[in-house]
Amino acid sequence: MNTTTINNSSGKVLVLGTDTRVVLAIARSLGRHKIAVHLGWLDRNSIARRSRYVTRVHELPAYHPTDTRWKTELLRFLDQERFDLVIPCNDSTLVPLQLNRQDFADAPGLHLHRQEVFDVVFDKLKSYELASRLGVAVPPAVLVKTRADQEPAGRLQFPVVVKPTTTFDGRSAECQSSVVVRADDRRALGEILAVPPYSHGCLVQEVFDGTGMGVEVLVDEGRILTAFQHQRLHETMEYGSSYRKSVPLLPELREAADKLMRALGYTGIGMVEFLYNLKDRRWIFVEINGRFWGSLPLAVNAGADFPYFLYQFWVENRREFPQGYPSEVYCRNLLLDWQGRKRRKPNGDSRLRGLCKDVAALVSLRDYLDSFSLDDPAPMVGELGQFARAAIGKLRAKVAGQPRHEPIMAAAK
């Protein structure tokens with residue numbers, strides 16, 4: 001357990017999360033403002049545990065939908081510690097609390113979504129329907145619940161993407177996180193729809209030729225207080241982006257985000273995701289993330305300090321925030337970028353040209369790195385150690401003639 005203490009703390013925050021990219025960015029943001037950062041529900045191998053800005057890591061009972069011990073212990077812990085703010089920062093830590101919202105209604109420092117907001121934001125079909133109703137561009141899609149629904153889905157123009165209606169199913173015993181998959185023809189679609197979680201209900205959409213864009217926002221009862229936009233440069237289907245840059249807010253995307261937030265009466269932090277065609281400027285709505293997002297380190301490094309903004313919003317009751325930020329700030333998850341290099345969505349560059357660009361950017365010291373910071377180097381040292389051990393294991397398996405899949409470590413730990 002990490003017991004490093006931050007002196008002269010002006011507040012105390014609990015971060016509940018399993019995504020190291022997000023947890024580490026939040027810890028550094030708040031820690032630099034002399035706020036004591038406690039972590040819970042964090043993977044035992046997470047490099048975020050090494051951060052000098054982490055006051056303490058608490059080993060809390062894991063969530064399980066049929067065992068209430070986690071809830072009893074967490075409620076007792078929150079009542080005992082009296083945190084100024086509790087931040088569940090990914091689906092697997094937020095959804096369990098939302099599903100037990102009544103039990104946590106009086107938990108100090110915890111601000112959950114209203115039930116009607118949660119029901120839309122964490123359901124891809126309902127958020128798709130909301131966007132369509134508001135006149136926000138969406139791709140052709142079919143909801144598949146039964147075998148009979150597969151026929152209209154098969155009439156969509158291929159390729160298509162298949163999305164479970166929810167990313168994290170907190171009601172099932174497996175508590176699985178689901179991913180978006182692609183089908184290039186009807187046969188592939190049929191195979192996907194035959195297996196869980198897609199066989200339990202999913203949204204099938206035509207593929208749109210566009211670049212991933214995210215509009216990150218802090219919102220008060222539907223009014224956007226500050227916003228930031230990023231563009232994905234490297235991305236895969238499995239884990240989203242590994243390399244991104246800040247870009248000016250596009251008026252049409254800002255307007256779409258504003259429509260959605262106002263319609264929901266949304267409050268808190270969030271990200272509205274789009275696909276944007278850089279050539280013809282067409283775009284579509286993808287989804288709403290009702291919590292912090294994986295590319296958060298970019299926003300923080302560009303000066304859009306959303307974790308501290310959120311602290312000021314809830315704890316200090318602040319409602320005025322900076323509106324500007326520099327564009328062309330680049331941030332890379334170095335290990336994810338390397339491990340996903342063969343599975344990236346094409347961006348027009350050959351693999352060799354892409355590699356040369358990456359090397360040139362790194363040598364120029366232009367890029368920020370998710371895990372590295374001059375004032376907090378220990379997490380990256382730990383990450384490089386994890387990578388070295390994985391590489392050695394892969395080499396040994398290859399020598400022994402055993403297949404070994406390259407792990408996507410940094411996204412989950």
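Within segment 171-178, one or more residues are in contact with a His (Cβ under 9 Å, 6 or more places away or on another chain) and either surrounded by 15 or more Cβ atoms within 10 Å (Cβ to Cβ) or on the phi > 0 side of the Ramachandran plot (or both).
Restricting segment 330-382 to residues that are charged (D, E, K, R) and either part of a helix (DSSP H, G or I) or within 19 Å of ARG50 (Cα to Cα) (or both), the residue that is modelled with the lowest pLDDT is ARG351. On the stretch given as segment 383-396, residues that are modelled with pLDDT of 80 or more and of a type in the set (Lys, Arg) total 2. For VAL23, the conditions (1) closer than 22 Å to GLY270 by Cβ; (2) of a type in the set (A, V, I, L, M); (3) in contact with a Pro (Cβ under 7 Å, 6 or more places away or on another chain) all hold with the exception of (3).
With respect to PRO139, determine if the residue is at negative phi, out of contact with any Cys (no Cβ under 7 Å at 6 or more places or on another chain) and surrounded by fewer than 16 Cβ atoms within 10 Å (Cβ to Cβ). So PRO139 does not fit the description; no. Can you give me the number of residues within segment 237-283 that are surrounded by fewer than 18 Cβ atoms within 10 Å (Cβ to Cβ), under 24 Å from ASP184 (Cα atoms) and in contact (Cβ under 8 Å) with a residue 40 or more places away in the chain? Result for segment 237-283: 5. It is to be established whether one or more residues within segment 292-311 are farther than 29 Å from SER127 by Cα, in a loop (DSSP other than H, G, I, E, B) and either touching a Cys at 6+ places or on another chain (Cβ under 6 Å) or without any contact (Cβ under 8 Å) to a residue 60 or more places away in the chain (or both). Yes; the residues of segment 292-311 include at least one that is farther than 29 Å from SER127 by Cα, in a loop (DSSP other than H, G, I, E, B) and either touching a Cys at 6+ places or on another chain (Cβ under 6 Å) or without any contact (Cβ under 8 Å) to a residue 60 or more places away in the chain (or both).
LEU143 fulfils the conditions (1) free of Cβ contacts under 8 Å to residues at least 60 places away in the same chain; (2) outside any helix (DSSP H, G or I) except for a single criterion, (1).
When we screen GLU328, GLU316 for residues that are over 22 Å from ASP220 (Cα atoms) and not hydrophobic (A, V, I, L, M, F, W, C), the only hit is GLU328.
Scanning segment 104-140 for residues that are part of a loop (DSSP other than H, G, I, E, B) and closer than 25 Å to ARG82 by Cα yields PHE104, ALA105, ASP106, ALA107, PRO108, GLY109, HIS111, LEU112, HIS113, ARG114. Looking at LEU369, LEU334, LEU352, just one residue is hydrophobic (A, V, I, L, M, F, W, C) and exposed (fewer than 15 other Cβ atoms within 10 Å of the Cβ), and that residue is LEU352.
The values are calculated or read from the model by the stated rules, or taken from the named source; none is laboratory data. Bear in mind that the values here come from a model prediction, so they are computed numbers and not experimental data. Neighbour counts run over all protein chains shown; Cβ positions are idealised from the backbone, glycine included.
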